[in-house]
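Everything on this sheet refers to the single structure shown next.
Derivation of every value follows stated rules applied to the coordinates shown; laboratory data play no part. On a predicted model such as this, the values are computed, not experimentally measured, just so you know. A quick note on method: Cβ atoms are made from the backbone with ideal geometry, for glycine too, and the neighbour counts reach across all protein chains shown.
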């Protein structure tokens, strides 16, 4: 039996415009409280921002079959996206208005497979260091029983944002 999944997303250009005029913490808080829409990647993957604070971010994912690789567990790329989301947003919480970031590298170590039986996956990202041009962050992904699924580190490059988003 075939399965189907459908989803919708909001205009990413409008969201990017809001990012340019807000501090990272304010911008992400506004997404979390529903004032701004979730980014399209969240609509696509189901990776949801849950809570942010100064230097940290928590994201969650309820694994579904559409996240599976060919051998019946959550694809490593999905878990990497979960980690990258929490890592990058943890860094973003420390940035002033007009400053953005992009991931320079991401290293993830998987400790166990995740499936729909794992329950809700939680990723907590924390800033380790932040400088003028780069920042580093670390994250853990745990299942609903607080078992470690993966841990990750990333380096982000800090960038001035263009005054208006690209069309």
- Query: When you go through 100, 88, 77 one by one, which is the residue that is closer than 18 Å to residue 45 by Cα, buried (at least 17 other Cβ atoms within 10 Å of the Cβ) and under 16 Å from the mean Cα position of the chain (by Cα)?
  - Reply: 88
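Are there any helices (runs of 4 or more DSSP H) wholly within segment 1-116 with 1 or more residues that are touching a residue at least 24 places away in the same chain (Cβ under 8 Å) and over 27 Å from residue 161 (Cα atoms), and if so which? So that I can check it myself, show each step before the final result.
Details: elements: 12-20, 24-32, 40-45, 76-92.
It comes to 76-92.
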